[in-house]
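The values are calculated or read from the model by the stated rules, or taken from the named source; none is laboratory data. Computed from a prediction, not measured in an experiment: that's the story for all the values here. Virtual Cβ from ideal backbone geometry, glycine too; neighbours counted across all protein chains shown. These accessible areas exclude ligands, DNA and RNA; they are computed on the full protein's heavy atoms, side chains included. Shrake-Rupley method; radii C 1.70, N 1.55, O 1.52, S 1.80 Å.
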Amino acid sequence: MMLLTCADVVGSFFGYPILGVEEMVALWASILLAFSLPAAHIAKTHVGVDLLYSKFTRPMKKVNDIFITSVSCALFFLIGWQCYQYALELRAAGEVTMTLQFPAYLLIFGVAFALFVKSVVIFFELLTALQMEK
């Protein structure tokens with residue numbers, strides 16, 4: 001994305017900009033962000049605030065973990081489902097990007113897939129937390 005942007009800037013300087021660079025970079029950035037969510041969750045690279053959590057007792061931490069993991073799993077699944085529904089609407093409408101005429105629904109299907117993967121990752125984390133309860 002950086003090389004493409006730099007090439008566009010240099011090309012624009014000489015009077016030959018690259019058509020659709022802004023669209024391509026925006027599309028790639030959204031896909032990159034969506035697909036980095038499950039990987040970041042697995043690697044535990046997300047930001048957590050534990051001011052209150054550190055004061056919880058061990059059983060309360062377990063209850064909190066199970067609750068937060070359950071809500072997170074449901075939330076990402078629902079967001080993925082809504083993205084999937086939106087992609088179906090875009091496909092039915094024949095929506096394309098302005099410059100490149102790229103079918104916009106393909107991007108949204110990719111985002112929905114990444115969110116479903118993230119919800120599955122969280123679900124397995126929930127199963128692990130519940131098994132440790134026994």
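Between Ala39 and Val9, how high is the FRET efficiency from 1/(1 + (r/R0)^6) when r is the Cβ-Cβ distance and R₀ = 41 Å? Nearest 0.05.
Values: r = 30 Å, r/R0 = 0.73.
In this case the efficiency is close to 0.85.
Mind checking the alpha-carbon convex hull of the chain and giving the volume per residue in Å³?
Working: hull volume 16.0 nm³, N = 134.
Considering the Cα atoms of the chain, their hull volume per residue is 119 Å³.
Roughly how tilted is helix 104-133, in degrees to the nearest 10 and between 0 and 90, from the longest Cα axis of the chain?
Approximately 10 degrees, to the nearest 10.
So for Met1, Met98, what's the accessible-area order with a 1.4 Å probe, most first? Could you put the intermediate results ahead of the total?
Details: Met1 85, Met98 165 Å².
Order by accessible area, largest first: Met98, Met1.
Just to confirm, what accessible area per residue do you get for segment 1-133 at 1.4 Å probe, in whole Å²? Don't skip to the end; give the middle numbers.
Numbers: 9270 Å² over 133 residues.
With the other protein chains kept in place, segment 1-133 gives 70 Å² per residue.
If you roll a 1.4 Å probe over the chain with all protein chains in place, what percent of the accessible area is carbon or sulfur?
Working: 6950 of 9480 Å².
That fraction is 73 percent.
Would you look at the GNM of the chain, springs on alpha carbons closer than 10 Å, and say which of Leu32, Leu19, Leu90 moves the most?
Looking only at Leu32, Leu19, Leu90, the biggest GNM fluctuation is shown by Leu19.
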